[in-house]
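S.K.: So that we are looking at the same thing, I have put the structure below in structure tokens.
We did not get these values from a lab; they are worked out from the coordinates using the rules stated. Predicted model only: the values in this text are computed from it and were never measured. Using ideal geometry, Cβ is built from the backbone for each residue, glycine included, and neighbour counts are taken over all protein chains shown.
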Amino acid sequence: MRFLAILSALLWCSFSFSQDYSISSIPKELLENADAVIRLDQLDIQVNSINQMTYQVKQIVTVLNKSGDEHATARVFYDDDKKIKKIEATIYDAFGNELEQIKKRDFKDIAAADGFSLYLDDRLLYHDYVPVQYPYTVEFTYEIETSDTGMIPQWYFVSGYGVSVQKSSYTITYPSPDLKPIIKEENLQEIDFQKEESPTMVSYTSSNIPAFAEEGLSPPFQTFSPRLSVRLTKFHYKGIDAEVTDWKGLGEWIQNELLSGRDQLEESTISKARDLVKGIDDDLEKAKVIYKYVQDNTRYISVQIGIGGLQPISAIEVDKVKYGDCKGLTNYTKALLGAVGVQSYYTVVESGRTKVDFEADFPDLLQGNHVILAIPYKDQYYWVDCTSQIHPFGFIGDFTDDRMVLVVTPDGGELVRTASYLDNDNAQYIKANYKILDNLSIDAQVAIETKGTQYDNRFVLERSSKDDINKYYKDFWDNVNGLEVKDYSFKNDKEEVSFTETVNLSARNYVSKNGNDYLLILNAFNNNTYVPPRYRTRKLPFTVQRGFYDQDETLIEIPENFQFGELPEKVNLETEFGSYGAGVEKKNDRELVYKRTLLLKAGEYPKESYDEFRSFLRSVAKMDNQKILLKNEPQD
């Protein structure tokens with residue numbers, strides 16, 4: 001054990017003294033498709049006992065352009081159980097000349113949730129370097145000592161798109177077989193690597209990994225990135241020992257050790273909660289009332305789930321200060337529901353627009369960055385995000401939808417999939433009419449109803465300023481030149497989770513002159529122009545994360561002295577990716593009705609289908625821009 005530690009230190013020093021920091025020393029193949037090159041990414045972990053662990057990190061990153069800046073951040077979180085023993089950074093220019101040395105005293109030290117007393121023990125040490133020119137290199141080293149062994153850092157051999165790696169090294173040592181970590185190797189077939197193992201050590205190294213170029217609709221990077229997930233079955237966390245072998249056991253530990261006693265409330269608060277639901281017998285209706293109370297009487301502060309630990313602030317504290325992070329507000333809502341006899345479960349989720357599932361075969365504390373609430377009712381779960389002051393009850397939108405999450409029940413943990421908003425659920429219905437005036441401008445009335453994730457994208461409009469709303473519509477209808485919004489109104493039906501916008505607008509010179517005739521684009525208010533980029537040879541599969549359905553109907557009226565030219569035939573496209581239909585019918589000599597539908601299906605598709613998918617959307621864009629001829633017949 002001592003020999004391995006000395007060997008690790010010698011290797012560390014050897015690399016540091018022999019490293020050439022100039023950009024000319026980077027292999028040419030590592031510059032291709034790269035915004036940054038990781039010259040060295042090294043993590044050495046020593047598990048000394050169930051409640052004592054240290055790890056040393058050394059990262060040397062050459063940043064090639066502005067997009068690569070994010071890969072050279074120098075920042076570390078710490079708290080009472082996680083001490084920073086050493087931290088420093090050095091900046092070099094393109095030729096390897098030293099520009100700046102940054103010692104521990106030069107790092108800024110701030111509270112992780114500055115100004116909020118409940119979280120002042122959780123801090124961030126950071127230094128933001130502002131480059132004068134590119135490329136530049138950052139060498140960043142730090143050492144952590146912690147009693148928390150429940151969160152072993154994951155290891156990504158490549159951290160994201162646009163990053164290449166010259167050398168990657170991961171080593172973990174442990175004193176005895178009962179503290180041997182479980183290591184899950186994922187997607188390592190993508191790289192060449194070497195693995196060494198002894199009774200008290202496991203190490204991985206890999207070299208010269210080229211950058212993955214991000215392509216349009218690329219799958220989430222973590223779904224194919226080479227990485228290691230590491231955990232101990234016996235661990236210590238925030239003063240508590242644990243032994244966990246499955247998700248059920250992890251849920252039991254969270255329930256019994258982290259949540260127990262945190263849901264107590266003052267008697268006055270319990271009385272207030274019961275008064276709110278007086279006369280209501282149905283548990284779901286009670287839950288809606290309590291959820292609305294939390295929305296109206298608390299505010300959310302953004303604190304990552306790993307900050308402040310996994311244990312929520314007590315419900316009594318949140319009730320006093322009226323704010324909390326996701327853990328605190330969820331636990332507080334759970335406590336209020338319990339006070340009125342409604343069962344609910346604390347639920348850990350990996351949030352974000354990208355859907356990430358908990359791994360069924362790997363129960364650990366690192367999975368999940370957010371907490372929501374699951375309310376069982378009539379053999380199904382209703383999901384609520386207690387951090388949102390505006391979302392309808394039971395609607396979680398695209399932040400936590402359709403993914404496996406850990407529901408912590410009194411009987412232990414279980415993995416459950418959250419609500420899924422499928423293709424047709426994410427609907428937009430446009431009912432419009434516009435009148436063409438003699439000066440070729442238009443007056444229009446447009447009603448837009450949205451549901452599902454399309455609702456999630458639109459309902460925030462009702463809280464926006466007039467200037468922002470006007471800007472939004474001009475951007476949304478950027479295909480209509482000279483657009484002016486006359487007035488608008490909104491209806492947010494939170495019970496049905498439906499948002500309706502009614503907009504009156506005008507646009508100058510919408511109809512264009514074509515010799516003695518005129519050209520009219522039929523589709524004014526849902527004109528799709530997006531066509532995915534073309535690739536000579538696509539390398540990755542592609543993903544449509546969320547499908548949607550659009551249905552449009554527009555009544556078009558022309559002036560008395562105009563006549564319609566020949567009308568186009570109806571279009572119907574059916575593909576594995578979705579369908580499209582468009583057609584126009586003459587209502588009388590001065591009016592016609594344009595109808596359109598577009599269904600795009602969510603899914604993961606092979607790279608071989610990309611050209612066909614692109615062809616489908618190219619056809620949609622072409623049909624959406626379809627024009628008809630108008631003839632001008634002057635009156636006698």
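S.K.: Calculate the translational D of region 376-469 in whole µm² s⁻¹ from Stokes-Einstein, where the hydrodynamic radius comes from the Kirkwood formula applied to all Cα pairs, the temperature is 25 °C and the viscosity 0.890 mPa s. Don't jump to the answer; show the numbers that get you there.
M.R.: On the way: Rh = 16.6 Å.
Translational D for this selection: 148 µm²/s.
S.K.: Rounded if a/c is under 1.5, else prolate if a/b beats b/c, else oblate: with a ≥ b ≥ c from the C-alpha gyration tensor eigenvalues square-rooted, which is the chain?
M.R.: Numbers: a/c = 2.32, a/b = 1.46, b/c = 1.60.
The shape class here is oblate.
S.K.: Something else about it: Between Ser489 and Lys272, how high is the FRET efficiency from 1/(1 + (r/R0)^6) when r is the Cβ-Cβ distance and R₀ = 56 Å? Nearest 0.05. Before the final figure, lay out the partial values.
M.R.: On the way: r = 35 Å, r/R0 = 0.63.
About 0.95, to the nearest 0.05.
S.K.: Hey, another quick one. Please sort by residue number the chymotrypsin sites (Phe, Trp or Tyr not before Pro) in region 61-104 whose DSSP state is loop and whose Cβ has at most 13 other Cβ atoms within 10 Å.
M.R.: Answer in residue order: Phe95.
S.K.: From the C-alpha gyration tensor of region 19-167, pull out the three semi-axes of the equivalent ellipsoid (sqrt of 5λ each), sorted largest to smallest, in whole Å.
M.R.: Numbers: eigenvalues 168, 67, 38 Å².
After diagonalising the Cα gyration tensor, the semi-axes are 29, 18, 14 Å.
S.K.: Mind running the shape call on region 123-197? Use the C-alpha gyration tensor, a ≥ b ≥ c as the square roots of the eigenvalues: rounded below 1.5 for a/c, prolate if a/b tops b/c, oblate otherwise. Before the final figure, lay out each step's value.
M.R.: Values: a/c = 2.63, a/b = 1.37, b/c = 1.92.
Oblate is the answer for region 123-197, as a/c is 1.5 or above yet b/c matches or exceeds a/b.
S.K.: When a/c reaches 1.5 or more, the comparison of a/b and b/c decides; with that in mind, is region 282-409 rounded, prolate or oblate per its Cα gyration tensor? Could you put the intermediate results ahead of the total?
M.R.: Values: a/c = 1.58, a/b = 1.21, b/c = 1.30.
Verdict is oblate for region 282-409.
S.K.: Given the chain, what percent of its DSSP beta bridges are antiparallel, to the nearest 5?
M.R.: On the way: 158 of 178 bridges.
Around 90 percent of the beta bridges assigned by DSSP in the chain are antiparallel ones.
S.K.: Can you pull the semi-axes for region 553-614, root of five times each eigenvalue of the Cα gyration tensor, sorted largest first, whole Å? Intermediate values should be presented prior to the final figure.
M.R.: Working: eigenvalues 250, 23, 13 Å².
Computed over region 553-614, the values are 35, 11, 8 Å.
S.K.: Here's another thing I want to ask about it. Using +1 at the Cβ of each Lys and Arg and -1 at the Cβ of each Asp and Glu in region 356-487, identify which of Ala447, Ile436, Ile390 lies farthest towards the dipole's positive end.
M.R.: Checking the options against the dipole of region 356-487, the answer is Ile436.
S.K.: Please sort 176-188, 233-245 by packing, taking for each peptide the average over its residues of neighbouring beta carbons within 10 angstrom, highest first.
M.R.: Values: 176-188: 14.8, 233-245: 16.9.
Packing proxy ranking, top to bottom: 233-245, 176-188.
S.K.: For region 428-579, what is the charge dipole size about the Cα centre, in debye to the nearest 20, if Lys and Arg each add +1 at the Cβ and Asp and Glu each add -1 at the Cβ? If you can, show how the numbers build up before the last one.
M.R.: Working: 19 positive and 25 negative charges, 166 e Å.
Dipole size: approximately 800 debye.
S.K.: Another question about this same structure. Could you please report the charge total around Ser207, scoring K, R as +1 and D, E as -1 over all other residues with beta-carbon less than 9 angstrom from its beta-carbon?
M.R.: Values: positive: Lys167; negative: Asp192.
Within the 9 Å Cβ shell, the charges total 0.
S.K.: Would you kindly work out the equivalent ellipsoid of region 233-352 from its C-alpha gyration tensor and give its semi-axes, the square roots of five times the eigenvalues, largest first in whole Å?
M.R.: On the way: eigenvalues 149, 50, 35 Å².
Equivalent ellipsoid of region 233-352: 27, 16, 13 Å, largest first.
S.K.: At 222 nm, what helix-only mean residue ellipticity would the chain give, in deg cm²/dmol to the nearest 500, using -39500 (n - 2.57) for each DSSP H run of four or more?
M.R.: It comes out at -5000 deg cm²/dmol, rounded to the nearest 500.
S.K.: Next up: Counting other Cβ atoms within 10 Å, which GluC sites (Glu not before Pro) in region 513-562 have at most 14 and lie in a DSSP loop? Before the final figure, lay out the partial values.
M.R.: On the way: sites: Glu553, Glu557, Glu560; in loops: Glu560.
Those that pass, being in a loop and sparsely packed, are Glu560.
S.K.: Hey, can you rank 533-540, 482-489, 318-325, 355-362 by average C-beta count inside 10 Å, highest first?
M.R.: In decreasing order of mean packing, 533-540, 482-489, 318-325, 355-362 become 318-325, 355-362, 482-489, 533-540.
S.K.: Next question, about the same structure. Normalized C-alpha radius of gyration of region 470-520, against 2.2 N^0.38 Å? Display every interim value, and only then the final one.
M.R.: On the way: Rg = 15.4 Å, N = 51, 2.2 N^0.38 = 9.8 Å.
Cα-based Rg divided by the globular estimate yields 1.58.
S.K.: If packing is taken as the average number of other Cβ atoms within 10 Å across a peptide's residues, how do 498-511, 611-624, 562-575 rank, most packed first?
M.R.: Numbers: 498-511: 18.6, 611-624: 17.0, 562-575: 13.6.
Ranked from most to least packed, the peptides come out as 498-511, 611-624, 562-575.
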